[in-house]
Amino acid sequence: MRSFTTFKGDPPVWVKFLTDRASVISLVSLIAAIGYGLFAITPDATENTRISENALLPGVVDENFDQRERISSFSKEIRLQFKEGNVKEYIKSKLHSFGVETYSQNFQFNRDRFRNETGSNVYGIVRAYRSPPVEAILVVVPVKESHIDSIALGMALQTYCREQVYWARDIIFLFAEHAEIGLEAWLAAYHGSRHSFVSADALEAHGGAIIGATVLDVVGSRFVNLNIQFNMINGKLPNLDLFNLYVRLAEKFQLRACIYGLCRQHSYTSVLNAVVRGVFTQAFYEVEGLHSVFGGYGINAVSLQAHERKKTSENGTPLWRIGQIVEGGLRSMNNILEKFHQSYFLYILATPRKFISVAYYMPIVGLVAAPMLLFGLREWFNVRNLEIPSAAFLSAHMLAVLIYLVGTIKWPAILEANMQQEIATNRGLQTILAIILQLPILALFKINSPSSWVITKFFLYLEAALFIGALSLINFSLALVLGICIVPAVLFFTIAFPNRMIFKFIDYRMQHENVETKEAAHHIFPPIDIRLPLPLDLPSSLF
């Protein structure tokens, strides 16, 4: 803070100008954040998506997959096997009969800390022919009765891949039971890690390092839209090249590429709706789809969601064309020389063809957090002695930790109930509650002196600004939502309403203290010597 003081200990003129008008400047900053955010999603401000890795070459690939009869045959047999309860054994034996290396993996998991359930995964490996198997590409298919079409398509694709000789990487197809839990069990075993609530058998065979993954979420036989899901755990995103690859492949086969279930973003309001959904999904959805699990392992993955609508005409894209899209993705990823690295990892999609890069959306968080820095600077110049914050400040943090621990114990059952209702969420909401609920406690504890209250506010402002800024580097959307919640709440309890209980208590204490203390709270102290503890008086405007 030395650069913010003169040789007499007074703040420079420009700093004093800012701190004296902190309320007005903060309001302007928040309004500017909203205005800039609304401008950043306009067509003139967004960028066109592009494929940075030329080796992907999605337009050059000539897809040859045409296994319609095989898909139909598999679909009928799988439907019967689900009724008999032998679908996993059928998948394993059928793939083995086509010459695919096929294995199974059993796992056990604790669903809600009281019930243990078991499951098994089936996976097949098509070995690389043209190079050593040091890398692999993964296709994941959920084993559900509602996804019989996905299973049949996945089996037909793997038998087709087995017949080709141009693979430079291992092609692995995983048929995962219990959705995200089965996939987590398989990935943990594949990478040699252990999970707290899932125990799984060791894998009988491995492939190379996984460079990319595709999840098949297909229900039906004819489609008009292809919804591409890409948000992963903790706000992680796959490389933009992988998303762009499937957008162009979908358009090649007359499918309308969609994001967040929105397929027509032609107006400003529709783009705004897509961006808001994207921010909300990244901030609060822990599991958007099976692809979300890959975020914990640093693997780029997307889910291809194609669900047939009741009103889909006979002119819709048939199921086997979805297989050609996946084939095109596999062949493109098979062709790249390195892992995905050239395109963006931090972005916000406005439409499948438009995006906002990190350089353009990060200022929004800065404008939201700016009031905390400004008010913190003002309180710094009002600090008399740098001391430990009040008991209220420390107790509020203890309460926040307690809320988080209690939520961690109860969260598995809540998360399971939410997933059953198709409402995915994560601990982002829990974090918001832990932070916001600690603020009212400041009004319940006694502050020993006005100087103690000033130092408490200083640390509160500083902590809020640092928290929002640090979180934005990991998960921009969560930092933005938290900032929008935290900043008004902090200002509410510290600035906007000075007649709250805590301020009344300070006034009461000052009225019963001696004359010297009373006068000290309403006059300006002599200039500070910056080599000594800061003996600044509190201006009367604080009360």
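Worth a mention:
- Residue match in the stretch 467-478 (condition: modelled with pLDDT under 75 and surrounded by fewer than 17 Cβ atoms within 10 Å (Cβ to Cβ)): no
- Among all positions in the stretch 489-497, there is no residue which is modelled with pLDDT of 80 or more, crowded, with 18+ Cβ neighbours inside 10 Å and either within 21 Å of the chain's Cα centre (by Cα) or among the charged types (D, E, K, R) (or both).
Every residue, every condition in (1) part of a strand (DSSP E or B); (2) open to solvent by less than 10 Å² (accessible area, probe 1.4 Å); (3) touching a Ser or Thr at 6+ places or on another chain (Cβ under 6 Å), yes or no:
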residue	(1), (2), (3)
L226	yes, yes, no
N231	no, yes, yes
N234	no, no, no
F243	no, yes, no
V247	no, yes, no
E251	no, no, no
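- For the stretch 260-316, the tally of residues that are part of a helix (DSSP H, G or I), small (G, A, S) and crowded, with 18+ Cβ neighbours inside 10 Å stands at 5.
- Against the test of being open to solvent by less than 40 Å² (accessible area, probe 1.4 Å), among the hydrophobic types (A, V, I, L, M, F, W, C) and at positive phi, the options A179, A257 yield a single qualifying residue, A179.
- E184 modelled with pLDDT under 95, open to solvent by 10 Å² or more (accessible area, probe 1.4 Å), in a loop (DSSP other than H, G, I, E, B) and charged (D, E, K, R): no
- Yes/no for V219 being farther than 26 Å from I474 by Cβ and either touching an Asp or Glu at 6+ places or on another chain (Cβ under 6 Å) or surrounded by fewer than 24 Cβ atoms within 10 Å (Cβ to Cβ) (or both): yes
- Applying the condition of being touching an Asp or Glu at 6+ places or on another chain (Cβ under 9 Å) and among the polar types (S, T, N, Q) to the stretch 334-373 and asking which residue is surrounded by the fewest Cβ atoms within 10 Å (Cβ to Cβ) yields S357.
- Looking across the stretch 122-142, the residues that are open to solvent by less than 20 Å² (accessible area, probe 1.4 Å), under 27 Å from the mean Cα position of the chain (by Cα) and not small (G, A, S) come down to I137, L138, V139, V140, V141, P142.
- Residue count, the stretch 203-212 (criterion: touching a residue at least 24 places away in the same chain (Cβ under 8 Å) and either outside any strand (DSSP E or B) or more than 18 Å from E135 (Cα to Cα) (or both)): 5
- The set of residues in the stretch 363-380 being touching a Ser or Thr at 6+ places or on another chain (Cβ under 7 Å) and farther than 19 Å from V490 by Cα is empty.
- Residues of the stretch 62-98 that turn out to be open to solvent by less than 40 Å² (accessible area, probe 1.4 Å) and in contact with a strand residue (DSSP E or B) (Cβ under 8 Å, 6 or more places away or on another chain), as a count: 2
- Being modelled with pLDDT of 90 or more, of a type in the set (S, T, Y), outside any helix (DSSP H, G or I) and surrounded by 12 or more Cβ atoms within 10 Å (Cβ to Cβ) is a condition met by no residue of the stretch 21-32.
The values are calculated or read from the model by the stated rules, or taken from the named source; none is laboratory data. All values reported here derive from a predicted model rather than from experimental measurement. Backbone-built Cβ (ideal geometry, glycine too); neighbour counts: all protein chains shown. Each accessible area value is taken on the protein alone, full model and side chains, heavy atoms only, with ligands, DNA and RNA left out. Shrake-Rupley method; radii C 1.70, N 1.55, O 1.52, S 1.80 Å.
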